[in-house]
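Below is one structure; the comments refer to it alone.
The values are calculated or read from the model by the stated rules, or taken from the named source; none is laboratory data. Given the structure is predicted, the values throughout are model-derived calculations rather than measurements. Cβ atoms come from the backbone with ideal geometry, glycine included; neighbour counts cover every protein chain shown.
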Amino acid sequence: MRFHLLPVVALLACAAPALAQRAPGRGPVNLPPDVLSQACAPALAYEAPPAPLRVTGSQEAAVRVTMAPGDLITINAGTDNGIEVGQRYFARRPIRLTRGEAGRDNPLILHTAGWIRIYAVDDRMSLATIEHACDAVQLNDYLEPFALPAVPSALPGRPPAQRSNYGRVLSGADNRATFGTGEYVMVDRGSDHGVALGAQFVVFRDKLEAGNFLFELADGMAVDVRPETTTLRITRAIDGVTVGDYVALRK
């Protein structure tokens with residue numbers, strides 16, 4: 001059954017005297033903690049993703065830039081674009097490491113703000129509810145079809161690190177510089193370099209001491225693998241992992 005936006009919005013406005021038109025109450029997100037954590041994890045890209053579907057506003061009297069669970073948000077597509085009630089989408093935004101155009105010297109963090117569910121549709125627009133917020137959903141966030149991540153198990157054994165092919169920690173969530181156990185970092189090694197889901201990594205620190213070994217700082221596991229980049233979950237850290245630290249694949 002298809003709903004047009006104007007009747008839905010009018011009905012909500014009559015039912016709620018407050019300025020904000022509230023979405024229907026949402027139940028708890030019954031997902032295991034590791035699945036929920038990984039669904040919110042960032043990824044890395046060297047170019048801006050195609051993003052035809054976007055968050056275009058909220059159903060409030062005032063213009064808002066950030067939205068949270070309980071808010072109704074508008075989407076710039078409807079039934080003419082194949083949007084249907086009940087569909088779910090990730091809301092994401094690209095964050096540049098530095099100013100300037102995205103590229104190999106300036107990759108993008110693909111930040112996951114949360115995911116939404118389509119609540120009502122018209123021909124060219126839709127209303128959606130925020131089902132889960134990893135962070136605040138923002139105006140102009142782009143949408144990708146939602147799918148729960150496959151949480152990998154570490155590949156068996158503990159082989160030695162490949163020290164002839166070091167990669168680097170490029171970034172992590174929120175463009176921070178330091179990360180600890182249970183957090184996520186992105187590295188410049190991917191499936192083109194032999195990385196598979198569940199692959200184990202070692203993180204090393206170069207203390208810049210002449211005649212000394214690299215210091216073994218942390219362990220990580222590949223949870224999202226792309227051709228040239230991988231998102232690692234830090235499984236053990238004896239100190240903060242920082243941008244620029246070395247990584248080596250156990251293989």
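If you go through the stretch 187-201 and keep only what is hydrophobic (A, V, I, L, M, F, W, C) and closer than 16 Å to Pro152 by Cα, you end up with Val195, Ala196, Leu197, Ala199, Phe201.
Does at least one position in the stretch 114-137 carry a residue that is touching a Cys at 6+ places or on another chain (Cβ under 6 Å), in the same structural domain as Ala68 (by TED's automatic domain parsing), in a strand (DSSP E or B) and not β-branched (Val, Ile, Thr)?
First pass over the stretch 114-137, keeping only residues touching a Cys at 6+ places or on another chain (Cβ under 6 Å): 114, 134.
Imposing the further condition that a residue be in the same structural domain as Ala68 (by TED's automatic domain parsing) reduces the set to 114, 134.
The next check asks that each one be in a strand (DSSP E or B); those that pass are 114.
From the residues that got through so far, the ones that are not β-branched (Val, Ile, Thr) too are 114.
Yes, the conditions are met somewhere in the stretch 114-137.
Has the stretch 8-31 got any residue that is at pLDDT 80 or above and within 18 Å of the chain's Cα centre (by Cα)? The answer is yes, given that some residue of the stretch 8-31 is at pLDDT 80 or above and within 18 Å of the chain's Cα centre (by Cα). Go through the stretch 167-190 residue by residue and tally those that are in a strand (DSSP E or B) and either surrounded by 17 or more Cβ atoms within 10 Å (Cβ to Cβ) or without any contact (Cβ under 8 Å) to a residue 60 or more places away in the chain (or both). Summing the residues that are in a strand (DSSP E or B) and either surrounded by 17 or more Cβ atoms within 10 Å (Cβ to Cβ) or without any contact (Cβ under 8 Å) to a residue 60 or more places away in the chain (or both) in the stretch 167-190 gives 10. When the stretch 156-212 is filtered for residues that are polar (S, T, N, Q) and over 22 Å from the mean Cα position of the chain (by Cα), the ones remaining, listed by number, are Gln162, Ser164, Asn165, Asn212.
Can you pull out the residues in the stretch 208-227 that are surrounded by fewer than 16 Cβ atoms within 10 Å (Cβ to Cβ) and either touching a strand residue (DSSP E or B) at 6+ places or on another chain (Cβ under 7 Å) or among the hydroxyl-bearing types (Ser, Thr, Tyr) (or both)?
Here is the first cut: in the stretch 208-227, the ones surrounded by fewer than 16 Cβ atoms within 10 Å (Cβ to Cβ) are 208-213, 215-216, 227.
The answer is Phe215, Glu216.
Among the numbered conditions (1) surrounded by 19 or more Cβ atoms within 10 Å (Cβ to Cβ); (2) of a type in the set (Val, Ile, Thr); (3) touching a His at 6+ places or on another chain (Cβ under 8 Å), the only one that Ile95 does not meet is (1).
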